[in-house]
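Asker: Can you read through this structure? Questions will come right after.
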Amino acid sequence: MSIMTNASAMTALQTLNQTNSNLETTQNRIATGYKVATASDSAAYWSIATTMRSDNKALGTVTDALGLGAATVDVAYTAMESSLEVVDEIKAKIVAAREPGVDRVAIQAEVDELQNQLVSIASSASFSGENWLSVDSGAVGYNASKSIVASFTRSATGVTVGTIDVNTANVKLYDADAGGSGILDTTSTTTNGAVTYSVATVDVSAYTDSVADLADLDEIISTVDGAHQSMTTAASNLGATKKRVDMQKDFVSNLMDAISRGVGELVDADMTAESTRLKALQVQQQLGVQALSIANSSSQNVLSLFR
């Protein structure tokens, strides 16, 4: 027995220190809810979790962009539907003007109001400064292709931002640029009267019951019907785009949840296991203190040899 070196006390102290260290780790996990809270806990898992949290934040922005895009498409689609109903009315009025003996001036008065309504609908179809139905293709910076941010993907070569593209050249009703190239302001010329017109400007008030005028009215009816078909196609395309945007929005939301769950599997603490470990370590700590106390008191037994 030596009074200079107490091997038992040293062993007990080392054991107690290890227990205290484990206890501190467990208490930190319980307090923070993470088993990997810092890079020192697990550099690999911490790096993965930090990157995926950053990507999830980017996906949150993608969700916002999809919501904005969905709203823009929805406004354009709603306006297109309303415009279709008005063009239906214009076509019906011009068909009525085809009948001999009708008051074409009165009919034109109704057509004028319907044309004004079309302009009002198209100019009002704006969301957050974006209007896809009434455009000016001659404006500086004009781009008919509109892109909606739809995804954020990470690969071995880097990150990629995916988009859903919409060609507004196929859905625009009015184009303020000289000549006009929208569905409603694209001009045609009658065969007999050589009158230049569009759905937006057609005027049947001066037509008579002559064979030539009736033939021209037939051409106008065909033109209006063609515009109606083009608008129907445009509305279908907008509806399909809106459906895709909605589906992508749901997917991104589910993807964010899946990433959050994956990150949780890597870094979240199992509170049931940690609470059990805490109880065990507390008992070990108490036993370690007692063992150290016993080891320290053993040196005092040397005194009995000198009594």
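The values are calculated or read from the model by the stated rules, or taken from the named source; none is laboratory data. Note that the coordinates shown come from a computational prediction; the quantities given were computed from them, not determined experimentally. Ideal geometry is used to build each Cβ from the backbone, glycine not excepted, and the neighbour counts take in all protein chains shown.
Asker: Quick check on my filter: what residues within the stretch 85-105 are surrounded by fewer than 17 Cβ atoms within 10 Å (Cβ to Cβ) and either assigned to a helix (DSSP H, G or I) or within 45 Å of the chain's Cα centre (by Cα) (or both)?
Answerer: Within the stretch 85-105, the subset surrounded by fewer than 17 Cβ atoms within 10 Å (Cβ to Cβ) is 85, 88-89, 92, 95-96, 99-103, 105.
Once the filter is applied, which keeps residues that are surrounded by fewer than 17 Cβ atoms within 10 Å (Cβ to Cβ) and either assigned to a helix (DSSP H, G or I) or within 45 Å of the chain's Cα centre (by Cα) (or both), the stretch 85-105 yields 85, 88, 89, 92, 95, 96, 105.
Asker: Run down 184, 238, 133, 214 and say which single residue is assigned by TED's automatic domain parsing to the domain that holds residue 104, aliphatic (A, V, I, L, M) and farther than 26 Å from residue 85 by Cβ.
Answerer: Numbers: 184 fails: farther than 26 Å from residue 85 by Cβ; 238 fails: farther than 26 Å from residue 85 by Cβ; 133 fails: farther than 26 Å from residue 85 by Cβ.
Checking each option against the conditions leaves just 214.
Asker: Further, regarding this structure: Quick check on this structure: which one of 233, 191, 241, 223 is among the polar types (S, T, N, Q), closer than 30 Å to residue 69 by Cα and over 24 Å from the mean Cα position of the chain (by Cα)? If you could, list the steps in order and put the result at the bottom.
Answerer: Working: 191 fails: closer than 30 Å to residue 69 by Cα; 241 fails: over 24 Å from the mean Cα position of the chain (by Cα); 223 fails: closer than 30 Å to residue 69 by Cα.
Just a single option satisfies the conditions, and that option is 233.
Asker: Take residue 269 and decide whether it is loosely packed, with under 14 Cβ neighbours inside 10 Å and either at positive phi or touching a residue at least 24 places away in the same chain (Cβ under 8 Å) (or both).
Answerer: Numbers: loosely packed, with under 14 Cβ neighbours inside 10 Å: no; either at positive phi or touching a residue at least 24 places away in the same chain (Cβ under 8 Å) (or both): yes.
It is false that residue 269 is loosely packed, with under 14 Cβ neighbours inside 10 Å and either at positive phi or touching a residue at least 24 places away in the same chain (Cβ under 8 Å) (or both).
Asker: Show the residue pairs that are 6+ apart or on different chains and have beta-carbon atoms under 6 Å apart, the first residue being within the stretch 200-229 and farther than 18 Å from residue 173 by Cα, the second being of a type in the set (Gly, Ala, Ser) and not in a helix (DSSP H, G or I).
Answerer: Hits for this filter: 216/193.
Asker: Checking the condition surrounded by 13 or more Cβ atoms within 10 Å (Cβ to Cβ), of a type outside the set (Lys, Arg) and either modelled with pLDDT of 90 or more or assigned to a helix (DSSP H, G or I) (or both), which residue from 21, 47, 54, 82 passes? Lay out the reasoning, then the answer.
Answerer: On the way: 21 fails: surrounded by 13 or more Cβ atoms within 10 Å (Cβ to Cβ); 47 fails: surrounded by 13 or more Cβ atoms within 10 Å (Cβ to Cβ); 54 fails: surrounded by 13 or more Cβ atoms within 10 Å (Cβ to Cβ).
Sole residue among the options that is surrounded by 13 or more Cβ atoms within 10 Å (Cβ to Cβ), of a type outside the set (Lys, Arg) and either modelled with pLDDT of 90 or more or assigned to a helix (DSSP H, G or I) (or both): 82.
Asker: Going through 215, 178, 206 one at a time, which residue ends up being modelled with pLDDT of 90 or more, surrounded by fewer than 13 Cβ atoms within 10 Å (Cβ to Cβ) and either in a loop (DSSP other than H, G, I, E, B) or over 47 Å from the mean Cα position of the chain (by Cα) (or both)? Lay out the reasoning, then the answer.
Answerer: Working: 215 fails: surrounded by fewer than 13 Cβ atoms within 10 Å (Cβ to Cβ); 178 fails: modelled with pLDDT of 90 or more.
Checking each option against the conditions leaves just 206.
Asker: Here is a further query. Out of all the residues in the stretch 136-174, which are in a strand (DSSP E or B) and of a type in the set (Asp, Glu)? It would help to see each step written out before you state the result.
Answerer: Restricting attention to the stretch 136-174, the residues satisfying the condition of being in a strand (DSSP E or B) are 145-155, 158-167, 174.
165 - this is the single residue of the stretch 136-174 that is in a strand (DSSP E or B) and of a type in the set (Asp, Glu).
Asker: Looking at residue 62 and the list (1) in contact with a strand residue (DSSP E or B) (Cβ under 9 Å, 6 or more places away or on another chain); (2) closer than 30 Å to residue 278 by Cα; (3) part of a helix (DSSP H, G or I); (4) in contact (Cβ under 8 Å) with a residue 40 or more places away in the chain, which single condition is not satisfied?
Answerer: (2)
Asker: Is it the case, given these coordinates, that residue 254 is assigned to a helix (DSSP H, G or I), out of contact with any Leu (no Cβ under 6 Å at 6 or more places or on another chain) and at pLDDT 90 or above?
Answerer: On the way: assigned to a helix (DSSP H, G or I): yes; out of contact with any Leu (no Cβ under 6 Å at 6 or more places or on another chain): yes; at pLDDT 90 or above: yes.
When the stated conditions are applied, residue 254 passes them.
Asker: Kindly evaluate residue 29 against the criterion of being basic (Lys, Arg), at pLDDT 90 or above and crowded, with 17+ Cβ neighbours inside 10 Å.
Answerer: Details: basic (Lys, Arg): yes; at pLDDT 90 or above: no; crowded, with 17+ Cβ neighbours inside 10 Å: yes.
Spelling it out, it is not the case that residue 29 is basic (Lys, Arg), at pLDDT 90 or above and crowded, with 17+ Cβ neighbours inside 10 Å.
Asker: Also: Which one of these does residue 121 not meet: (1) of a type in the set (A, V, I, L, M); (2) crowded, with 17+ Cβ neighbours inside 10 Å; (3) within 25 Å of the chain's Cα centre (by Cα)?
Answerer: (3)
Asker: Something else now. Yes or no: residue 34 crowded, with 20+ Cβ neighbours inside 10 Å, in contact (Cβ under 8 Å) with a residue 12 or more places away in the chain, among the hydroxyl-bearing types (Ser, Thr, Tyr) and farther than 30 Å from residue 213 by Cβ?
Answerer: On the way: crowded, with 20+ Cβ neighbours inside 10 Å: no; in contact (Cβ under 8 Å) with a residue 12 or more places away in the chain: yes; among the hydroxyl-bearing types (Ser, Thr, Tyr): yes; farther than 30 Å from residue 213 by Cβ: yes.
Spelling it out, it is not the case that residue 34 is crowded, with 20+ Cβ neighbours inside 10 Å, in contact (Cβ under 8 Å) with a residue 12 or more places away in the chain, among the hydroxyl-bearing types (Ser, Thr, Tyr) and farther than 30 Å from residue 213 by Cβ.
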